[in-house]
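Each remark here refers to the structure printed beneath this line.
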Amino acid sequence: MEYIVEQALPPASLATPLGQSLKQSRPDLSKRLSDLVASQSQFEPQIVGCTPFEARVLTLNGWSQSVSQMPGQALAAWQLAVTQSTAPVWAAQLCSTQIGTSAASLRPLSTLELSHHEAQSLCEAAQPSFGHKDDAIWVEAVTASTWRVHAPLAELAHTVSPEALAGQNIAGWWPDSDAWLAWRRILNEIQMVWHNHPVNEARLERGLPAINGVWLYGGAPGWQPLVQQQPYQLISTLRPFVMSSDWSGWLEYWLKNILPLLIEMQKGSINASTPTHLTLTGQDRLVTLTHFNQNQPNWLKKLARPFTKNDWSTWWHNPL
């Protein structure tokens, strides 16, 4: 079993103060985690097109460079369950665009507290702009909040998922070719319909952001995921703390819920019958922790265990 924990690694700017708080709360941490071996991978979400969390899930489901140039391209087909398609698969997901003094930033669907009823109502209002199957561009509502866009858009390496773009400037991501301009016209029509929609008016009254756009991403053809040989479990409960910049709450949750998982894995008691991994993801990296086998010969222990007894701080502080 592999546990994959989203946003469980601190950003570089906060690693030191959060690490100091962690040491103060748990001075026994180095001893507790001394038998865990860490492997670390760096990511640039705006290049790979998705978050490290999304990339890890895609890899476990069979993504490779034979599927697409970047995992972010393959994400749309996987989310829409398109397994057979020679044409690039594009997804459009409901989002909220926040207009600032110098730029517009994006809030992805996962942060919007959008009910199924609200999404369904907005989707129905947008359907007159969806077009038909014989049009050059037409939209298929696979779900109320995530649509498939059928369009002659050039296959691109430079697309990015809404999760990877959360809170960042959205300018300059979509090209200016005729096909993309046609998609923008459809989007503008939908945005006008949603501007004074009762769903958005009610959301604003409740202090929630309006749903005022959809984000288009993808670009890989359909692909067949692998049958899972080793199960995994996703943990995303730290994400709201990160989105609200509540780092004290983040650390408290980490101590109460993530650290016990690490300690249990160090004991080898999560799943004693199979190798167990705990993958912690952050904004631009992931760390996979495995239990060090104490029954190995001494010479192999020295070879396989590269860290000091303070190894947890090595991966916590991201020295790469």
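What ranking do 145-153, 34-42 get when scored by the average of other Cβ atoms within 10 Å per residue, highest first?
Numbers: 145-153: 20.0, 34-42: 15.3.
Highest to lowest by the protection proxy: 145-153, 34-42.
Across the stretch 133-195, how large is the tail of the calculated P(r) beyond 13 Å, expressed as a percent of all Cα pairs?
Details: 1407 of 1953 pairs.
I get 72 percent for the Cα pairs in the stretch 133-195 exceeding 13 Å.
Rounded to the nearest whole Å³, what is the per residue volume of the convex hull around the Cα atoms of the stretch 68-218? Working shown, then result.
Numbers: hull volume 17.2 nm³, N = 151.
Measuring per residue, one finds 114 Å³ for the Cα hull of the stretch 68-218.
Identify, among TRP147, GLN191, SER248, the residue whose Cα sits farthest towards the positive end of the charge dipole of the chain, taking +1 on the Cβ of Lys and Arg and -1 on the Cβ of Asp and Glu, with the dipole about the Cα centre.
Positive-end residue among those listed: SER248.
Evaluate the charge dipole of the chain about its Cα centre and quote only its size in Debye, nearest 20, assuming +1 on the Cβ of each Lys and Arg and -1 on the Cβ of each Asp and Glu.
In debye, rounded to 20, the chain gives about 1360.
What number in nm² do you get for the stretch 74-162 if you take the convex hull of its Cα atoms and divide its surface by four?
Average projection, Cα convex hull of the stretch 74-162: 7.2 nm².
Quickly estimate the mean residue ellipticity at 222 nm for the chain, helices only: each DSSP H run with n ≥ 4 gives -39500 (n - 2.57), and the total goes over all residues, rounded to 500.
-9500 deg cm²/dmol
Using Cα springs under 10 Å in a Gaussian network model of the chain, which residue among GLU54, GLU163, GLU118 shows the largest mean-square fluctuation?
GLU118
Rank GLU264, GLU252, GLU205 by mean-square fluctuation in a GNM of the chain with C-alpha springs under 10 angstrom and give only the top-ranked residue.
Ranking GLU264, GLU252, GLU205 by mean-square fluctuation puts GLU205 first.
So which aspartates and glutamates can LYS267 reach, going by Cα to Cα under 13 Å and dropping same-chain residues fewer than 8 places off?
LYS267 reaches ASP35.
How large is the Kirkwood hydrodynamic radius of the chain, counting all unique pairs of alpha carbons, in Å?
Hydrodynamic radius (Kirkwood, Cα pairs) of the chain is 21.5 Å.
Taking the Cα centre of the stretch 68-218 as origin and charging only Cβ (+1 Lys, Arg; -1 Asp, Glu), how large is the dipole, in debye to the nearest 20?
That gives a dipole near 180 debye.
Just so you know, all these numbers are worked out from the coordinates, no wet-lab data involved. It should be emphasised that the depicted structure is a prediction, and the values quoted were computed from it without experimental measurement. Positions of Cβ are generated from backbone atoms using ideal geometry, with glycine treated the same way; all protein chains shown enter the neighbour counts.
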